[in-house]
Amino acid sequence: MQVLGDDSSGEVEPVLVGAADRLWVTVGADHTDRRVESYGIAVSKQMCAKPIGRTAWRFEEVEPHWDRLMLRSFIQEGGKRVLYQEGPLANIRTPRELIAGWQDGNERLPMGTAMFCGTMGAIGAIRPSSRFEMEIDDPVLGRQITHAYDVKTLPVVA
(Lines give C-alpha, C1' and ligand atoms only; values in the text may rest on other atoms or scores of the structure.)
Protein backbone atom coordinates (compact mmCIF):
# COMPACT_ATOMS: atom_id res chain seq x y z
CA MET A 1 0.00 0.00 0.00
CA GLN A 2 1.27 3.47 -0.78
CA VAL A 3 0.86 6.23 1.80
CA LEU A 4 1.75 9.89 1.74
CA GLY A 5 4.42 10.77 4.33
CA ASP A 6 5.63 9.01 7.48
CA ASP A 7 2.60 9.59 9.68
CA SER A 8 0.28 6.66 9.01
CA SER A 9 -0.26 3.39 10.82
CA GLY A 10 -2.59 0.42 10.78
CA GLU A 11 -4.95 -0.89 13.40
CA VAL A 12 -6.54 -4.32 13.20
CA GLU A 13 -10.33 -4.66 13.29
CA PRO A 14 -12.93 -7.33 12.67
CA VAL A 15 -14.81 -6.50 9.47
CA LEU A 16 -18.41 -7.46 8.73
CA VAL A 17 -19.51 -7.83 5.12
CA GLY A 18 -23.18 -7.87 4.19
CA ALA A 19 -24.28 -10.39 1.56
CA ALA A 20 -27.69 -11.25 0.15
CA ASP A 21 -28.08 -14.34 2.30
CA ARG A 22 -25.87 -13.76 5.35
CA LEU A 23 -23.28 -11.76 7.20
CA TRP A 24 -19.57 -12.56 6.80
CA VAL A 25 -16.61 -11.82 9.12
CA THR A 26 -13.02 -11.18 8.12
CA VAL A 27 -10.07 -9.14 9.36
CA GLY A 28 -9.07 -5.69 8.18
CA ALA A 29 -6.78 -2.76 8.83
CA ASP A 30 -8.12 0.73 9.45
CA HIS A 31 -4.90 2.31 8.18
CA THR A 32 -5.00 5.99 9.12
CA ASP A 33 -2.93 9.13 8.59
CA ARG A 34 -2.21 10.15 12.20
CA ARG A 35 -1.10 13.71 11.41
CA VAL A 36 -4.32 14.43 9.54
CA GLU A 37 -6.28 12.68 12.32
CA SER A 38 -5.17 15.46 14.71
CA TYR A 39 -7.41 17.93 12.86
CA GLY A 40 -9.90 15.77 10.91
CA ILE A 41 -10.74 12.18 11.85
CA ALA A 42 -13.02 11.53 8.86
CA VAL A 43 -10.45 12.90 6.40
CA SER A 44 -7.63 10.89 8.01
CA LYS A 45 -9.60 7.68 7.53
CA GLN A 46 -10.17 8.51 3.85
CA MET A 47 -6.47 9.15 3.16
CA CYS A 48 -5.46 5.49 3.32
CA ALA A 49 -6.62 2.21 1.80
CA LYS A 50 -8.42 -0.25 4.08
CA PRO A 51 -6.99 -3.73 3.34
CA ILE A 52 -9.14 -6.70 4.35
CA GLY A 53 -8.61 -10.46 4.46
CA ARG A 54 -9.14 -12.63 1.41
CA THR A 55 -11.25 -15.20 3.27
CA ALA A 56 -14.21 -14.87 5.61
CA TRP A 57 -16.26 -16.85 8.09
CA ARG A 58 -20.03 -17.06 8.29
CA PHE A 59 -21.07 -14.79 11.13
CA GLU A 60 -23.55 -17.35 12.46
CA GLU A 61 -20.64 -19.76 13.03
CA VAL A 62 -18.83 -17.35 15.36
CA GLU A 63 -21.63 -15.29 16.89
CA PRO A 64 -22.18 -17.70 19.84
CA HIS A 65 -18.53 -17.26 20.91
CA TRP A 66 -17.81 -13.80 19.42
CA ASP A 67 -16.35 -12.51 22.69
CA ARG A 68 -13.70 -15.26 22.63
CA LEU A 69 -12.35 -14.34 19.17
CA MET A 70 -8.92 -12.70 19.42
CA LEU A 71 -7.48 -9.85 17.34
CA ARG A 72 -3.75 -9.40 16.87
CA SER A 73 -1.48 -7.24 14.78
CA PHE A 74 2.26 -7.16 14.28
CA ILE A 75 4.62 -4.52 12.90
CA GLN A 76 8.26 -4.49 11.84
CA GLU A 77 10.63 -2.75 14.25
CA GLY A 78 14.40 -2.97 14.07
CA GLY A 79 14.09 -5.83 11.57
CA LYS A 80 11.92 -7.88 13.95
CA ARG A 81 8.25 -8.84 13.98
CA VAL A 82 6.75 -7.17 17.04
CA LEU A 83 3.30 -7.69 18.60
CA TYR A 84 1.48 -4.35 18.19
CA GLN A 85 -2.11 -5.09 19.29
CA GLU A 86 -3.83 -7.99 20.99
CA GLY A 87 -7.15 -8.56 22.71
CA PRO A 88 -10.47 -10.44 22.73
CA LEU A 89 -13.49 -9.11 20.86
CA ALA A 90 -15.23 -8.96 24.26
CA ASN A 91 -13.43 -5.59 24.58
CA ILE A 92 -15.37 -3.96 21.72
CA ARG A 93 -19.06 -3.47 20.90
CA THR A 94 -20.97 -6.41 19.45
CA PRO A 95 -21.69 -6.55 15.71
CA ARG A 96 -25.46 -6.48 16.16
CA GLU A 97 -25.16 -3.39 18.38
CA LEU A 98 -22.96 -1.63 15.81
CA ILE A 99 -25.26 -2.47 12.91
CA ALA A 100 -28.40 -1.49 14.82
CA GLY A 101 -26.82 1.83 15.79
CA TRP A 102 -26.01 2.62 12.18
CA GLN A 103 -29.24 1.20 10.70
CA ASP A 104 -31.74 2.79 13.14
CA GLY A 105 -32.42 -0.46 14.98
CA ASN A 106 -32.22 -2.84 12.01
CA GLU A 107 -29.67 -5.59 12.73
CA ARG A 108 -29.08 -6.43 9.05
CA LEU A 109 -26.10 -5.05 7.17
CA PRO A 110 -27.01 -4.09 3.59
CA MET A 111 -25.60 -6.29 0.83
CA GLY A 112 -22.20 -5.11 -0.36
CA THR A 113 -21.53 -3.08 2.78
CA ALA A 114 -18.34 -3.54 4.80
CA MET A 115 -18.30 -2.37 8.42
CA PHE A 116 -15.12 -2.04 10.45
CA CYS A 117 -16.00 -2.86 14.06
CA GLY A 118 -13.39 -1.29 16.33
CA THR A 119 -9.95 -2.10 17.62
CA MET A 120 -7.67 -2.65 20.60
CA GLY A 121 -5.14 -0.14 21.89
CA ALA A 122 -1.58 -0.32 20.64
CA ILE A 123 1.04 -1.98 22.80
CA GLY A 124 3.32 0.99 23.35
CA ALA A 125 2.96 4.11 21.24
CA ILE A 126 1.04 4.31 17.98
CA ARG A 127 3.75 4.19 15.34
CA PRO A 128 4.30 3.64 11.63
CA SER A 129 5.81 0.49 10.18
CA SER A 130 6.93 -0.73 6.77
CA ARG A 131 4.76 -3.87 7.23
CA PHE A 132 1.47 -4.55 8.96
CA GLU A 133 0.27 -8.08 9.75
CA MET A 134 -3.14 -8.83 11.21
CA GLU A 135 -5.15 -11.81 12.33
CA ILE A 136 -8.42 -12.84 13.87
CA ASP A 137 -8.15 -16.07 15.82
CA ASP A 138 -11.04 -18.41 16.63
CA PRO A 139 -9.87 -20.59 19.54
CA VAL A 140 -13.21 -22.42 19.69
CA LEU A 141 -13.18 -23.68 16.09
CA GLY A 142 -9.37 -23.70 15.86
CA ARG A 143 -8.84 -21.40 12.88
CA GLN A 144 -7.42 -18.02 11.88
CA ILE A 145 -7.78 -15.46 9.16
CA THR A 146 -4.54 -13.62 8.51
CA HIS A 147 -3.59 -10.86 6.13
CA ALA A 148 -0.56 -8.60 5.72
CA TYR A 149 0.64 -5.75 3.58
CA ASP A 150 3.78 -3.72 3.01
CA VAL A 151 3.70 0.05 3.33
CA LYS A 152 5.55 2.22 0.83
CA THR A 153 5.95 5.80 1.99
CA LEU A 154 5.73 8.43 -0.75
CA PRO A 155 7.29 11.84 -0.18
CA VAL A 156 5.06 14.80 0.64
CA VAL A 157 5.58 17.27 -2.20
CA ALA A 158 4.62 20.87 -1.50
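Numbers at a glance
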{"quantity": "The stretch 54-60 - phi-based ³J(HN,Hα) in whole Hz, Karplus 6.51/-1.76/1.60, Gly and Pro as x", "calculated": "8, 10, 8, 10, 5, 4, 5"}
{"quantity": "At 1.306 mPa s and 10 °C, Stokes diffusion of the stretch 42-121 via Kirkwood alpha-carbon radius, µm² per second", "calculated": "106 µm²/s"}
{"quantity": "Residue 48 long-range amide H proximity, modeled H, under 5 Å", "calculated": "33"}
{"quantity": "About the Cα centre, charge dipole magnitude for the chain (Lys/Arg +1, Asp/Glu -1 at Cβ), debye", "calculated": "320 debye"}
{"quantity": "Virtual spin-label span in nm between residue 103 and residue 38, 7 Å along Cα→Cβ", "calculated": "3.9 nm"}
{"quantity": "Rg over Rh, two decimals, the chain (C-alpha only, Kirkwood Rh)", "calculated": "0.98"}
{"quantity": "Local electrostatic count, residue 31, Cβ distance below 11 Å [Lys/Arg +1, Asp/Glu -1]", "calculated": "-1"}
{"quantity": "Accessible area per residue, Å², the chain with all protein chains present, probe 1.4 Å", "calculated": "53 Å²"}
{"quantity": "Accessible surface of the stretch 1-116, 1.4 Å probe, proportion on carbon and sulfur as whole %", "calculated": "50 percent"}
{"quantity": "Sum of -39500 (n - 2.57) over DSSP H runs of 4+, divided by residues of the chain (222 nm, nearest 500)", "calculated": "-3000 deg cm²/dmol"}
{"quantity": "Those GluC sites (Glu not before Pro) in the stretch 97-137 that DSSP places in a loop and that have at most 14 other beta carbons within 10 Å", "calculated": "107"}
{"quantity": "Charge-dipole axis of the chain as Lys and Arg at +1 and Asp and Glu at -1 on Cβ define it, positive-most pick from 157, 70, 91", "calculated": "157"}
{"quantity": "Residues of type lysines that residue 152 reaches as a straight line, Cα spacing below 16 Å, ignoring anything fewer than 8 places off in the same chain", "calculated": "50"}
{"quantity": "Interchain or long-range residues, amide H under 5 Å from residue 143's placed H", "calculated": "138"}
{"quantity": "Long-range amide H partners of residue 15 with built H, under 5 Å", "calculated": "26, 27, 28"}
{"quantity": "Cβ-Cβ FRET estimate between residue 91 and residue 130, R0 fixed at 41 Å, reported to 0.05", "calculated": "0.90"}
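The values are calculated or read from the model by the stated rules, or taken from the named source; none is laboratory data. From a predicted model like this one, the values you see are computed outputs, not experimental measurements. Cβ atoms come from the backbone with ideal geometry, glycine included; neighbour counts cover every protein chain shown. For the accessible areas, the whole protein counts, side chains as well, though only heavy atoms, and no ligand, DNA or RNA atoms are used. Shrake-Rupley method; radii C 1.70, N 1.55, O 1.52, S 1.80 Å.
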